[in-house]
Amino acid sequence: MRWLIGVFLVWYVQFAFAGEFVVVVSSSSKVGLLDSNKVRDLFLKKRSFSGKQKLIPVNLLGDNEIRAEFERSVLRMRREEINHLWIKDHFLGISPPVTQASLASIRLFVERVDGAIGYLPKDMVNDNLKIVHEF
Amino acid sequence: MHISSSDFAAGVIGFLILRRHFILILLSALSCLNLAVAEETQYQLGMGYELNDAFTVGGYFSTEYGSGKEINFFGVDDLAFLVYGENDANFSYFFELEWSELYKIDYENNEEEQHTRPFIERLYGDYKYSDYLSVRFGKQITPIGYWNLQPINVLRETTSNPILSRRMFPKFLTGIDIYGYTPIDENLTYHLYLQGTKDLDNERINIDADRHVGLSLEKDFQNGWKLGTSLGNFREVNKDKTRYFQFNARFDQYRYSFITESNFSRKDPDIGKVERIVDIYVQTEYRFRPKHTLIGRVEYFHNDELGLKERIGVLAYGYRIRYPISLKIEYQLHADSNDNQLLTSFSVLF
C-alpha cells in the first residue's frame, strides 16, 4: 500500500507543479527564451553566457520544495549527484552557484545584479523580471 | 595473492612508525569533517573554503600501501593545495602547489624517501569571451581523455592509474588551450592546445616536452554517453618526437559507469628506430550501494620496437565514507605474475 501512495505522490507532484515555476532574468536583460538544456548547463556551470552576456546563476539555499523540483525537472539529477559534481569541479576550480536564503531574496538578487538568473514560482514574477523558461 | 605474514607485520610496523604523521592527517581530516557538517556554508568538505568569488582555497592528500612479490611500501603519495577564483568580468585563475611522494617507506629494501620540495602542478588563467571561445594560458592539465582530467586519487575509483595516463602523452601542458562549444553542434566541445616552451616546473612530470600541439573533440549525447577523440604531436626535450591519436568513450548512470580510452602513438626517437605504441583500457564501475563501488579494469599495452607487452587486470573495491573521503583496495593481475600486487589507499579532498 505504501508504494502505491508513493507512486501517487510522485505523480501528483509532477502534475501539480508542471508549469508553476519559472526561470527569470532582469527585465532589462537581453537574454531571450532558453531551453531546458541551456538552463541546466548554466546552473551546472558548464556554460556561462547567453550570447556575450555573462550570466550568474543563483540557487535557493537548503531543501526547499521549489529547489527540489528545479533539480528534478531541469537539472534532471539527484541532489547527491549534483554535490558529487561540485566536488569534482572543485578540483577544476569551479564553484557551485551563489545561493540566497529565500525566494524573495532570489527575486531581489535577479532584479539588481547584472546577468543574474534564478528560479521562482510564477506568481512571484513582477514587472522587473523577464521569464526565460518555464518548468 | 602474495602477502605473507611478514609483509603484513611490516605494514603494521610501518604504520606505527608513521603514526605521528597519520595522527596529524587524521586530525586534519576530522577537523575538515566537523567543519563540513553544515551544508552550503563557506567551508564544505570536498569543495574548499570559499571566502568570496575571487578566492577559494582547498586541497587534497592521499596515502598508499602496496604489497607484492617485489614491492612492499607505504607512502604519503600526494599533498596539494588549490587556490582559485574569478572576477566579475570574464577572468578566472587557478593555482595548485603539490608535494608528490612526500614520504615513502620501502620495506622491501628497508629504505625511506622524502621529497619535501613542492612543485607547481598547475598555474593558469582563463579568459572567457563566450561559451564558444575561451582561452586558458599557463601550466594546465592536457585536455585529453577522461582519466587525465581527474587524475587525483580521491576522484578516481582505483588506487592505480592505467598505463595510458602515464606513458602515452604529457599529462601537463605549459602553453595555451583555446576551447569551448562548437557553433555547429551545441553538444560538441573542442580544445585546441599549443605548447612552445619547456614545462613551467618539470620536477614531477611524466614526459618532459617543449613542443606540443593537439586538438580534442568531445560529443555529449545527453543520454549518458560521451564520445571523444584527440590528435596531436609533441617533442621531448631530448628531441624525440611522438604523434598520437586517442579515442575515448564513456557511459554514466546513477549505478553504473563504463569508460574506455585507447591511444595509438608513433615515436620517432632522435636516435634509434621508430616505436609504435598501443594502449587500450576498459573500466566498468558498479555502485551497488551509495557508498560502495566495485570496479573492474583490463588494460593492454604494446611497444613493438622495445618488445614491451603488458596485460593488466584490476579488481577493486571503493568505499566512500563521504564522497570526498575515499578508501580503496585493489588487486592487480599482470601477465608476468611477479608483478601482481595489492594496493590500498586513503584519500581526502578538502
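See the values below:
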quantity: P(r) weight above 24 Å for chain A, C-alpha pairs, percent; calculated: 29
quantity: Segment B:141-178-segment B:94-123 distance, computed between alpha-carbon centres (Å); calculated: 18
quantity: Over 27 Å (Cα to Cα) - which of A:LYS45/A:LYS122; B:LYS241/B:LYS309; B:LYS171/B:LYS239; A:LYS130/B:LYS226; B:LYS69/B:LYS104 fall in this group; calculated: A:LYS130/B:LYS226
quantity: Sequence-distant lysines (8 or more away, or on other chains) whose Cα lies within less than 18 Å of B:LYS328; calculated: A:LYS88, B:LYS291
quantity: Per-residue [θ]222 nm for chain A (sum of -39500 (n - 2.57) over DSSP H runs n ≥ 4, rounded to 500); calculated: -11500 deg cm²/dmol
quantity: Kirkwood hydrodynamic radius of the protein assembly as shown, from inverse mean 1/r over distinct Cα pairs, in Å; calculated: 24.5
quantity: Summed buried accessible surface, chains A and B, 1.4 Å probe, nearest 100 Å²; calculated: 3000
quantity: Over segment B:248-309: Kirkwood hydrodynamic radius from C-alpha pairwise inverse distances, Å; calculated: 13.7
quantity: Measure of compaction for segment B:271-338 (Cα Rg per 2.2 N^0.38 Å); calculated: 1.50
quantity: Alpha-carbon centroids, segment A:16-94 and segment B:191-212: separation in whole Å; calculated: 36
quantity: Cα gyration tensor, segment B:5-349 - rounded (a/c under 1.5), prolate or oblate; calculated: rounded
quantity: Spatially proximal aspartates and glutamates relative to B:LYS219 (Cα-Cα < 17 Å; intrachain offsets below 8 disregarded); calculated: A:ASP41, B:ASP131, B:ASP185, B:GLU186, B:ASP252, B:GLU261
quantity: Span-like helix ranges in chain A, DSSP H, alpha carbon extent 15 angstrom or more, Kyte mean at least 0.0; calculated: A:2-16
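The values are calculated or read from the model by the stated rules, or taken from the named source; none is laboratory data. Predicted model, so just to flag it, every value in this text is computed and none were measured. Accessible surface areas use protein heavy atoms only, side chains included; no ligands, DNA or RNA. Shrake-Rupley method; radii C 1.70, N 1.55, O 1.52, S 1.80 Å.
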